[in-house]
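> This is the structure, below, for whatever I ask next.
The values are calculated or read from the model by the stated rules, or taken from the named source; none is laboratory data. A quick note: this is a predicted structure, and the numbers were derived from the prediction, not measured. Don't worry about glycine lacking a Cβ; one is built from the backbone with ideal geometry, like all the others, and counts go over all protein chains shown. Calculation scope for accessible area: heavy atoms of the full protein, side chains included, ligands and nucleic acids excluded. Shrake-Rupley method; radii C 1.70, N 1.55, O 1.52, S 1.80 Å.
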Amino acid sequence: MRPGRIGALEGFSAGEIRRQAGATLAVATPGRGFTDVTAAVTGFVRESGIRDGLVTVFCRHTSASLTIQENADPDVQADLMTALDGLAPRHAGYVHGAEGPDDMPAHIRTMLTDSSLSVPVVDGRLALGTWQGIYLIEHRDRPHCREIALHAIGA
């Protein structure tokens with residue numbers, strides 16, 4: 001395909017929504033960094049019985065976030081944390097600092113990433129690319145117990 005062109009729709013399907021499921025997932029983070037939650041989300045989708053639909057993953061915090069990123073090379077995660085450190089450094093003279101020097105940067109990093117993700121479900125599987133995984137990003141320095149709300153809808 002030539003650059004700038006958009007191909008035709010492939011694998012189009014349509015149908016009724018016949019099922020939904022919801023659950024909450026607790027994630028104990030080790031502190032600042034990425035925690036792979038792909039297997040837990042995959043397990044939820046499998047248990048939901050939904051074959052085709054959409055799963056929503058929602059982080060219920062303002063100092064942790066979600067992302068879909070490469071799952072093959074851990075250097076990607078290290079480089080992403082370095083980039084976030086540059087975009088929202090600690091000790092940058094923020095007004096909000098009641099919870100420590102890592103709190104306001106954590107809020108900024110959450111704003112720059114995502115608190116919610118939607119992933120298509122096709123044939124009972126997450127429609128992620130070959131090298132994609134779903135990660136909770138802990139932006140605070142110390143360990144936390146984070147809560148993720150999951151919801152799937154489909155048939």
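> Hey, any idea what % of the chain's accessible area is carbon plus sulfur with a 1.4 Å probe?
Answer for the chain: carbon and sulfur cover 53 percent of the accessible area.
> Cα-based Rg of the chain per 2.2 N^0.38 Å, rounded to two decimals?
1.19
> With a 1.4 Å probe and all protein chains in place, put 10, 16, 70 in order of accessible area, largest first.
10, 16, 70
> Mind computing the radius of gyration and Dmax over the alpha-carbon atoms of region 40-128? Å is fine for both.
16.4, 50
> Here is a further query. Assuming 0.36 nm per residue, please report the length gained on full extension of the stretch residue 20 to residue 96 beyond their Cα-Cα distance.
Here the segment from residue 20 to residue 96 would lengthen by 23.4 nm.
> Probe radius 1.4 Å, ligands and nucleic acids left out: which of 104, 81, 1, 111 has the largest accessible area, and how do the rest follow?
1, 111, 104, 81
> Going 7 Å from the Cα of residue 116 along its beta-carbon direction, which residues of region 124-146 have the amide nitrogen within less than 18 Å of the resulting point?
Within reach of a label on residue 116: 135-137.
> Of 63, 115, 13, which has the most accessible area with a 1.4 Å probe, and how do the rest follow in descending order?
If we order 63, 115, 13 from most to least accessible, we get 13, 115, 63.
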